[in-house]
Amino acid sequence: MTCLISTNPVETLSWLRNNAKLVSNRKYELANWTVGEYQYMLAATIHDLAESDYGTYRCVAENLYGRSEGNMSIFGMSICSVSLG
């Protein structure tokens, strides 16, 4: 997942799920970089995606003056087979 977010000054850039901050580990690979004046790209890779990973994720930028965030959801589809006859 990627998220483009603007903030000035930049203090905290993070990913949240269920109001908990994600950290880089074997499951989540997190990165961010500057893409323009006051603009930052946040990236989150989820390794070994499972149904338990489905849900809403938030990219967040916070500073003394406020908070900016974006939401995205991961969901799957069930495939059902029906035998006729």
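Taken together, the values in this text are just the output of simple stated rules run on the coordinates, not laboratory data. Note that the structure is a prediction, hence the values are computed from the model and not measured. Quick reminder, even Gly has a Cβ in these numbers, built from the backbone with ideal geometry, and neighbours come from all protein chains shown.
Below 8 Å, C-alpha to C-alpha, sequence gap of six or more: please give me the relative contact order for the range 2-74 in percent.
40 percent.
Between Asp48 and Asn8, what FRET efficiency follows from the Cβ-Cβ distance if R0 is 35 Å, with the result rounded to 0.05?
With R0 = 35 Å, the Cβ-Cβ based efficiency is 0.45.
How long is the gain from Glu29 to Ser83 if the chain were fully straight, where each residue apart is worth 0.36 nm and the alpha carbon distance is subtracted?
15.3 nm
Name the long-range amide H neighbours of Leu22: under 5 Å, sequence gap of 5 or more, or other chain; modelled H, no Pro or chain starts.
It is Trp15, Leu16, Arg17, by chain and number.
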